[in-house]
Ligand SMILES: [Zn+2]
């Protein structure tokens, strides 16, 4: 995972909200203009933690921070839940819930991502709440640009921008993703200076190939005979084992998000679209596989050879799949 915090904390947007927090003068609504469409939510999540965390800035460790991270905080809600734009029903829910006192924090935070795709009807509906917000409510709007937002909406929010980042900052925030790349500098230079931009260049054909392999293993692998077949297939495809494990982790984490009914936390929609029919994996199996993947990463670091490692991993996946079905 890219280190979004290391990038965000250098921006005036972050510094400005931090200053408001320290002065006890948080605005009731912020509009965060961010060119990184794909990862806008990651930045908004950190800002939501900054607003809600009881430390001076943001600690990432307290109960509040972890509940927000997992999408389970009762006073911090993320929209849109599934579709690409916030619906009329969702905005009604936001307005209604804004007038209910927070359950455990002293503030309620509503994160409205993709605010620039809200219809005029939805924007008009939220206007009144933006104009006369209930006490202790903070509305965080995220948008790629402000052009499709009504001027009446814009005039009621504090507008802050996250621009593209310096090459060096991006390189260090993306060191996990880029460590196998020989031409990391070239890749970053060719990008638009956002995490999403770099990753989309990185995820050319090879990563698509890895995603398809992971999806196949999750949906098709049923017996130990299949384990040998897929171990060979992965070997022959020449994909890097660590990349395979990392994509596999994303797939499992997305299946867990879907299982826990928090679909807005799904990170890779393409991959999820291909793996969602792996429904014979119960929650217990998914958690077990996720632990095995972490162990596989460790084993790789201790130089266990590729084929043995993948074979061990696939057997563990199969074992996990059936173990929980019997319970
Ligand atoms: Zn915290």
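The values are calculated or read from the model by the stated rules, or taken from the named source; none is laboratory data. What you see is a predicted model; the values in this text were computed from it and never measured. No Cβ is skipped: glycine too gets one built from the backbone with ideal geometry, and neighbour counts run over all protein chains shown.
Figures for the structure shown
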{"read-out": "Among the residues listed as 7, 112, the single one being touching a strand residue (DSSP E or B) at 6+ places or on another chain (Cβ under 6 Å) and more than 16 Å from the ligand (Cβ to nearest atom)", "value": "112"}
{"read-out": "Scan of region 56-70 for residues that are more than 19 Å from residue 10 (Cα to Cα) and surrounded by 19 or more Cβ atoms within 10 Å (Cβ to Cβ), ordered by number", "value": "64, 65, 68"}
{"read-out": "Residue in region 87-94 that is within 13 Å of the ligand (Cβ to nearest atom), part of a loop (DSSP other than H, G, I, E, B) and not assigned by TED's automatic domain parsing to the domain that holds residue 193 present", "value": "no"}
{"read-out": "Residues within region 22-55 that are surrounded by fewer than 17 Cβ atoms within 10 Å (Cβ to Cβ), near the ligand (Cβ under 10 Å from one of its atoms) and in contact (Cβ under 8 Å) with a residue 12 or more places away in the chain, tallied", "value": "0"}
{"read-out": "Any hit, region 60-76, residues being on the phi > 0 side of the Ramachandran plot, touching a helix residue (DSSP H, G or I) at 6+ places or on another chain (Cβ under 9 Å) and either within 16 Å of the ligand (Cβ to nearest atom) or not in a loop (DSSP other than H, G, I, E, B) (or both)", "value": "yes"}
{"read-out": "Qualifying residue in region 155-164 (condition: crowded, with 17+ Cβ neighbours inside 10 Å, farther than 14 Å from residue 34 by Cα and in contact with a helix residue (DSSP H, G or I) (Cβ under 8 Å, 6 or more places away or on another chain))", "value": "yes"}
{"read-out": "Odd one out for residue 244 among (1) over 20 Å from residue 177 (Cα atoms); (2) out of contact with any strand residue (DSSP E or B) (no Cβ under 9 Å at 6 or more places or on another chain); (3) not in a loop (DSSP other than H, G, I, E, B)", "value": "(1)"}
